[in-house]
Amino acid sequence: MADASGQTGGLRAWLLTDTPTSRRHARISALYQGWLSFRSNTMAMVGLGILVLLVLIAFAAPLLAPHDPFAQDLGNRLAPLGAPGHVLGTDSLGRDILSRLIYGARITLYIVALVALIAPIAGLLVGTVSGYVGGWVDMVLMRITDIFLAFPRLVLALAFVAALGAGIENAVLAISLTAWPPYARIARAETLTIRKSDYISAIRLQGAGPLRIITTHIWPLCVSSLIVRVTLDMAGIILAAAGLGFLGLGAQPPSPEWGAMISEGRRFILDHWWVATMPGLAIFTVSLAFNLLGDGLRDVLDPKASE
């Protein structure tokens, strides 16, 4: 036990040292200290726990769902909460609401993952090129960004989906096309503060070209700010996807998408409130979890916020 505790203490001291022995040691130490800071934020840990639970539910949906989410039982339609075999009741076609919520978590994660991959990367590319090159390139790219920012996100997404056609993939593309401008603005601001620094000048004198400077030395410094913004934006992205589903322009029936479930349940909201309320609570819970997680990450990754 003494050896084990001594090894644990030695590892902790190695992780918390102020004098790292290598670049890898410094990176691991920074990650560990960031985790300790994040772990001390109770609400951020609650958000992380909810999202981890959502991921586990989505992956284990076939094992957790008590019924087939597409199976209809018209003789048992609009069953109330706590009905035998249906904890959260059934919808207007007799489908189990709990099973549809569980499978709907997969659709939500699918949308979030794709948008989180497409929009920040596009914004990072546009913003860093605009900030580093400057001149007419900066002016053109930022005016295009301003045009996208001038329209409300959901309205612009509706326009893109109307042009592309209804469907979950087109909804993801539409949301991504409306979500990238804020990331471009953040990346440009970070680049403008970095490009005149001494170490960038030294790298340029060593013969590094603009492409290498942007991808190797500027992008890594912009990533932390983008991660925070992405996490905080996930709630809005989920709401935009749910809004498209509510209007019939996102995931198409009979997919158990939460926004589409609310749209179907709104017809019975007075007498059978649980049909629309349960998916609404699911959207609220996941959106709140992303906001809590984003606040915690901002405290850890944004040095200006912690001052």
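The values are calculated or read from the model by the stated rules, or taken from the named source; none is laboratory data. Since the model is a prediction, treat every value here as computed from it, not as a measurement. Cβ coordinates were reconstructed from backbone atoms using ideal geometry, including for glycine residues, and neighbour counts include every protein chain displayed.
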Exercise. Does Ala282 fit the bill of being modelled with pLDDT under 90 and among the hydrophobic types (A, V, I, L, M, F, W, C)?
Worked result: no
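Does Gly245 count as in contact with a His (Cβ under 9 Å, 6 or more places away or on another chain), touching a residue at least 12 places away in the same chain (Cβ under 8 Å), part of a helix (DSSP H, G or I) and more than 19 Å from Gly34 (Cα to Cα)? Before you say what the answer is, go through the steps one by one.
Numbers: in contact with a His (Cβ under 9 Å, 6 or more places away or on another chain): no; touching a residue at least 12 places away in the same chain (Cβ under 8 Å): yes; part of a helix (DSSP H, G or I): yes; more than 19 Å from Gly34 (Cα to Cα): yes.
Here the answer is no, as Gly245 does not meet what is asked.
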Seminar exercise, completed: Conditions (1) under 23 Å from Val172 (Cα atoms); (2) of a type in the set (Ser, Thr, Tyr); (3) surrounded by fewer than 19 Cβ atoms within 10 Å (Cβ to Cβ) -> Tyr32 fails only (1)
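Those residues that are in contact (Cβ under 8 Å) with a residue 24 or more places away in the chain and part of a helix (DSSP H, G or I), I need them from the range 36-48; list them, please. Walk me through it before giving the result.
Step one: filter the range 36-48 for residues in contact (Cβ under 8 Å) with a residue 24 or more places away in the chain, giving 37-38, 41, 43-48.
Residues satisfying the conditions are Ser37, Phe38, Met43, Ala44, Met45, Val46, Gly47, Leu48.
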Seminar exercise, completed: With the first residue restricted to the range 185-212 and required to be within 14 Å of Leu124 (Cβ to Cβ), and the second required to be of a type in the set (D, E, K, R), Cβ contacts under 8 Å at 6 or more apart or on different chains are Ile186/Arg229; Arg188/Asp138
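For Pro80, are the conditions met, namely being touching a residue at least 40 places away in the same chain (Cβ under 8 Å), within 27 Å of Ile269 (Cβ to Cβ) and surrounded by 13 or more Cβ atoms within 10 Å (Cβ to Cβ)?
On the way: touching a residue at least 40 places away in the same chain (Cβ under 8 Å): yes; within 27 Å of Ile269 (Cβ to Cβ): yes; surrounded by 13 or more Cβ atoms within 10 Å (Cβ to Cβ): no.
Judged against the criteria, Pro80 is not a match.
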Exercise. Just wondering, is there one or more residues in the range 217-239 that are more than 23 Å from the chain's Cα centre (by Cα) and without any contact (Cβ under 8 Å) to a residue 12 or more places away in the chain?
Worked result: no
Exercise. Does the range 207-249 hold any residues that are out of contact with any helix residue (DSSP H, G or I) (no Cβ under 9 Å at 6 or more places or on another chain) and surrounded by 18 or more Cβ atoms within 10 Å (Cβ to Cβ), and which are they?
Worked result: none
For this session: Would you be able to say whether some residue in the range 64-82 is part of a helix (DSSP H, G or I), at pLDDT 80 or above, out of contact with any Gly (no Cβ under 7 Å at 6 or more places or on another chain) and within 25 Å of Val230 (Cβ to Cβ)?
Result: no
Exercise. Out of the range 250-283, which residues are farther than 16 Å from Leu98 by Cβ and surrounded by 22 or more Cβ atoms within 10 Å (Cβ to Cβ)?
Worked result: Gly250, Ala251, Gly259, Ala260
For this session: Please work out which residue is surrounded by the fewest Cβ atoms within 10 Å (Cβ to Cβ), limiting yourself to the range 188-206 and to residues that are among the hydroxyl-bearing types (Ser, Thr, Tyr) and farther than 23 Å from Arg143 by Cβ.
Result: Tyr199
Exercise. Condition test on Leu53, is it in contact (Cβ under 8 Å) with a residue 12 or more places away in the chain, under 22 Å from Leu288 (Cβ atoms) and either loosely packed, with under 11 Cβ neighbours inside 10 Å or not basic (Lys, Arg) (or both)?
Worked result: no
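Residues are listed down the side, and each one gets a yes or a no for (1) at pLDDT below 85; (2) touching a Pro at 6+ places or on another chain (Cβ under 6 Å); (3) within 30 Å of Pro254 (Cβ to Cβ); (4) surrounded by fewer than 17 Cβ atoms within 10 Å (Cβ to Cβ):
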{"site": "Ile121", "(1), (2), (3), (4)": "no, no, no, yes"}
{"site": "Val126", "(1), (2), (3), (4)": "no, no, no, no"}
{"site": "Gly134", "(1), (2), (3), (4)": "yes, no, no, yes"}
{"site": "Arg143", "(1), (2), (3), (4)": "no, no, no, yes"}
{"site": "Ala150", "(1), (2), (3), (4)": "no, no, no, yes"}
{"site": "Ile186", "(1), (2), (3), (4)": "no, no, no, no"}
